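The values are calculated or read from the model by the stated rules, or taken from the named source; none is laboratory data. Predicted, not measured: the structure shown is a model, and the values here were computed from it. Neighbour counts run over all protein chains shown; Cβ positions are idealised from the backbone, glycine included.
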Amino acid sequence: MKTIRNLILLVLVAAAAACGGPRPASTVGTTPDVERRVDQLLAKMTLSEKIGQMNQISAGGDPANYAEAVRGGQIGSILNEVDPVRLNEFQRIAVEESRLGIPLLVGRDVIHGFHTVFPIPLGIAATFDPALAEEGARIAALEATAQGIRWTFSPMLDIARDPRWGRMAEGSGEDTWLDARMGEALVRGYQGTQWDTTAMAACVKHFVGYGAAEGGRDYNSTFLSERQLRNVYLPPFEAGIKAGALTLMTSFNDNDGVPSTANRFILKDILRDEWGFDGLVVTDWNSMGEMISHGYGADRKEVAQEAIEAGVDMDMMTYGYISHLEEMVRAGVVKESAIDAAVRNILRVKVLLGLFEHPYVAAAAAAAVQYAPAHLDAARRTAEESAVLLKNDGVLPLDPARVRTILVTGPMADAPHDQLGTWAFDGQKEHTVTPLAALRERFPGRVTYVPGLTYSRQKRDRFDEVVAAARKADVVLVFLGEEAILSGEAHSLADLNLKGSQSELLAALKSAGKPVVATVMAGRPLTIERDLPNCGALLYAFHPGTMGGPALANLIFGDVAPSGKTPVTFLRTVGQVPMYYSHNMTGRPYRGETLLDDIEAEAGQTSLGNTSYYLDYGAYPLFPFGYGLSYTSFAYSDLALDNASYAQDGVIRASCTLTNTGAREGTEVVQVYVRDLVGSLTRPVKELKHFERVTLQAGESRRLEMEIPVSDLAFWGLDGTKKVEPGDFQLWIAGDSNSGEALSFSVR
Ligand code: NOJ
């Protein structure tokens, strides 16, 4: 469908070019007909009505409270109202009572599901399964649009390399390639393949660099060079926009002194001029106003001028545009053409979404769409694929016939709100299935529940009761982690160990002498090194959402084998931040080729020399990016490239044989990494360039062929242009970022 739509667009754009001169390609898929409608409407609007379209407010509650402003054309968009009856009333006032009848664009943070909550985005990324991410986003759109929400502030495409930053939970982690692939998938899922009433406009955010907050403290300044921006932080946004994202949100941070909401270089030069983005740019919540706190503008009028001049179309909750733009246009300080451009971008989205034709929803039918069985099923599958098995001494999977009595314990065992994770406004905990509920249903009468700790932050000196229960059980299933409130916006942490007495609880459980299976549900990779010796197996589930309980039960009892991989490096201690796999090579690289070599070197007390490492914690993390075990094992053999040398416009065909060397079916995330050995700049030691999930039966081998366009190796070099620099490269095909033998090739 999408292809057909794109083809039609191409023809239309070509036709327009033939009769009306060249038009830059549209990123949002507009057509001459849409543009005509937008222009016709714009021509009828007063300056005040135009500026009204640029005003977005949080408008929950009784629509009558906002009737005058909506009727007067002073509000273009609202956020935070989800009741379909009230939303219909909002739209009725806009459509029937305002002079031009322009419908409102209704936004909401639908971040990882609407009512049916999927794993947090970091967990979705751990699936390395863009198709599944797309399916989840489509479901989120079906549920949200049924209630009248046609715009989500998602996906968050901020690269996050500092787990102290609470918002790492909301994105795809540390890697540019993975983030870009997930971002595209989410955009496609939200917006759908056609502009019907289930299309929910995506909003790529936060533009840009927000995840690089100094010290991992939310809202903090960033200092990213143009090259870092272009090579690491911008590509996911470019990918999201190429996938058709209708909108983009500016970020709170200032980068090298310039707040994003006024950053003409990123918003105009790159976004509009280089990428040709013709969608809607919205501020983050009061990020225009926050420029006053930044000390970047003296008052609301000044920051409103900064924002409009940077090309920001819509003001979320500063009231800067609505209060000051008109006087500035009348005074000749701001050109009306800038207002027209912004309003065009807003109206275009409203037209494309079909809001003029379909402003209302069938409110009575909306409830039936929520929590549909197919939605819950997709949420469960996603939670299954997103869990990462970090340790298994053989205890997993459990055999239901052998474990008769099961002790369930830990603060996350029955925490229906907390397992939903951050930004799950609409997920109702009554619909959450916790691990305790799932296990009780599956094994009636065989589950003993002793919470041990009720909250993750709780302190407890003695665990007599839970240890006594552990002694009586065949197996201990302990669910640890973080409450939802410990990650997400404004929830950064300086200490990443399990909070409260959770580690002590785990150690106490071990003393009972029974097999201990730990599951951690968290919004970030916690520093769990000290906990690993105290459990036989550890599953890392991030916050798994509504269906986390059944998914975890299925994993623990082996109905499905774990296949998730770490979307972010797991650190040994917080002092290692920032540590990510794709770092540049230093002049004094650590000696070992692999983590294992170095562990051996350390064990042998070999001198490590004056290299880039910590005296106390070495040079490596606890688990590398892309890592995860299964209940089977995989071997890579006969790795090959189809050529020794490639043209810059060529395609690398890499192949290998993947064998399931274990005793059961399993899925491996095959990853391809590349290194550019000598560049005009120091290059990363490895960069992910391809991944795919491959399911094999026990003993099965399959020859895999993977295509990597040489153009994917391009980067912004010393001369400020993006290209593939000829020279020598290495390529790995492996199951994580720290394994495999390198193949060599060159680009001419
Ligand atoms: C602030 C957050 O930074 C942003 O991600 C969110 O979309 C808006 N608030 C709207 O709730």
> Does H543 meet the test of being farther than 22 Å from L436 by Cα, assigned to a loop (DSSP other than H, G, I, E, B), outside the structural domain of E665 (by TED's automatic domain parsing) and modelled with pLDDT of 95 or more?
Replying inline: no
> Which is touching a Ser or Thr at 6+ places or on another chain (Cβ under 8 Å) and on the phi > 0 side of the Ramachandran plot, of G113, G123?
Replying inline: G113
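Residue-wise test of (1) in a loop (DSSP other than H, G, I, E, B); (2) at pLDDT 95 or above; (3) not assigned by TED's automatic domain parsing to the domain that holds E385; (4) not aromatic (F, W, Y).
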residue	(1), (2), (3), (4)
G564	yes, yes, yes, yes
S582	yes, yes, yes, yes
P589	yes, no, yes, yes
I599	no, no, yes, yes
Q605	yes, no, yes, yes
N610	yes, no, yes, yes
Y620	yes, no, yes, no
L639	no, yes, yes, yes
>> Suppose the filter is modelled with pLDDT under 95, not in a helix (DSSP H, G or I) and not β-branched (V, I, T); does A14 pass it?
In response: no
> Among the candidates V724, V710, which residue alone is under 19 Å from G650 (Cα atoms), in contact with a helix residue (DSSP H, G or I) (Cβ under 6 Å, 6 or more places away or on another chain) and of a type outside the set (S, T, Y)?
Replying inline: V724
> In the stretch 161-182, what residues are within 15 Å of the ligand (Cβ to nearest atom) and over 10 Å from the mean Cα position of the chain (by Cα)?
Replying inline: W165, G166
> Based on what the data block shows, is V403 in contact (Cβ under 8 Å) with a residue 60 or more places away in the chain, out of contact with any Ser or Thr (no Cβ under 8 Å at 6 or more places or on another chain) and farther than 15 Å from A437 by Cβ?
Replying inline: yes
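Quick check on this structure: which one of L713, L696 is farther than 21 Å from S225 by Cα and crowded, with 18+ Cβ neighbours inside 10 Å?
Details: L713 fails: farther than 21 Å from S225 by Cα.
So the residue among L713, L696 that is farther than 21 Å from S225 by Cα and crowded, with 18+ Cβ neighbours inside 10 Å is L696.
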>> What's the total number of residues in the stretch 326-337 that are surrounded by 18 or more Cβ atoms within 10 Å (Cβ to Cβ) and either free of Cβ contacts under 8 Å to residues at least 24 places away in the same chain or within 37 Å of the chain's Cα centre (by Cα) (or both)?
In response: 1
>> Could you tell me how many of the residues in the stretch 422-432 are of a type outside the set (S, T, Y) and touching a Ser or Thr at 6+ places or on another chain (Cβ under 7 Å)?
In response: 2
>> Suppose we filter the stretch 184-227 for residues that are closer than 18 Å to P155 by Cβ and more than 19 Å from the chain's Cα centre (by Cα); how many remain?
In response: 3
>> Considering only residues that are buried (at least 23 other Cβ atoms within 10 Å of the Cβ) and away from the ligand (no atom under 12 Å from the Cβ), which ones fall in the stretch 245-256?
In response: A245, L246, D254, N255
> What pairs can you find where one residue is in the stretch 282-311 and at positive phi, the other is within 16 Å of the ligand (Cβ to nearest atom), and their Cβ atoms are less than 6 Å apart, with a gap of 6+ or different chains?
Replying inline: N286/M317; N286/T318
>> Which numbered condition in (1) surrounded by fewer than 20 Cβ atoms within 10 Å (Cβ to Cβ); (2) of a type in the set (D, E, K, R); (3) more than 23 Å from P397 (Cα to Cα) is the only one that E687 fails?
In response: (1)
> Can you tell me which residues in the stretch 103-141 are in contact with a helix residue (DSSP H, G or I) (Cβ under 8 Å, 6 or more places away or on another chain), farther than 22 Å from R524 by Cβ, within 16 Å of the ligand (Cβ to nearest atom) and not hydrophobic (A, V, I, L, M, F, W, C)?
Replying inline: R108
> Can you name every residue in the stretch 243-260 that is of a type in the set (D, E) and part of a loop (DSSP other than H, G, I, E, B)?
Replying inline: D256
> Within the group P259, P236, which residue is touching a residue at least 12 places away in the same chain (Cβ under 8 Å), more than 20 Å from T30 (Cα to Cα), in contact with a His (Cβ under 9 Å, 6 or more places away or on another chain) and surrounded by 24 or more Cβ atoms within 10 Å (Cβ to Cβ)?
Replying inline: P259
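Taking the stretch 149-160, which residues are within 13 Å of the chain's Cα centre (by Cα) and either within 11 Å of the ligand (Cβ to nearest atom) or over 17 Å from F542 (Cβ atoms) (or both)? Show your work before the answer.
Here is the first cut: in the stretch 149-160, the ones within 13 Å of the chain's Cα centre (by Cα) are 153-160.
Within the stretch 149-160, F153, S154, P155, M156, L157, D158, I159 meet the criteria.
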> Which members of the stretch 270-296 meet the condition of being more than 16 Å from the ligand (Cβ to nearest atom), over 22 Å from the mean Cα position of the chain (by Cα) and in a loop (DSSP other than H, G, I, E, B)?
Replying inline: G276, D278, G295, Y296
> Would the stretch 64-77 turn up any residue that is surrounded by fewer than 16 Cβ atoms within 10 Å (Cβ to Cβ), outside any helix (DSSP H, G or I) and not acidic (D, E)?
Replying inline: yes
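Which count do you get for residues in the stretch 377-399 that are in a helix (DSSP H, G or I) and under 18 Å from M521 (Cβ atoms)? So that I can check it myself, show each step before the final result.
We begin by selecting, within the stretch 377-399, every residue in a helix (DSSP H, G or I); these are 377-386.
From what's left, under 18 Å from M521 (Cβ atoms): 379-386.
So the answer is 8.
How do the helices (runs of 4 or more DSSP H) wholly within the stretch 404-520 filter down when requiring 1 or more residues that are more than 16 Å from the ligand (Cβ to nearest atom), within 30 Å of N220 (Cβ to Cβ) and in contact with a helix residue (DSSP H, G or I) (Cβ under 8 Å, 6 or more places away or on another chain): which remain?
On the way: elements: 435-442, 464-472, 502-510.
Passing ranges, in order: 502-510.
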> Which members of the stretch 615-652 meet the condition of being loosely packed, with under 14 Cβ neighbours inside 10 Å and under 16 Å from L571 (Cα atoms)?
Replying inline: L615, D616
> Among the listed residues L87, L100, which satisfies the condition of being more than 27 Å from H417 (Cβ to Cβ) and more than 16 Å from the ligand (Cβ to nearest atom)?
Replying inline: L100
>> Go through (1) in a helix (DSSP H, G or I); (2) within 16 Å of the ligand (Cβ to nearest atom) for A185 and report which single condition fails.
In response: (2)
>> I'd like to know if the stretch 141-158 contains one or more residues that are aliphatic (A, V, I, L, M) and touching a Lys or Arg at 6+ places or on another chain (Cβ under 6 Å).
In response: yes
>> Residues to consider are V343, V388, V351; find the one that is in contact (Cβ under 8 Å) with a residue 60 or more places away in the chain, of a type in the set (V, I, T), touching a helix residue (DSSP H, G or I) at 6+ places or on another chain (Cβ under 6 Å) and over 26 Å from M249 (Cα atoms).
In response: V388
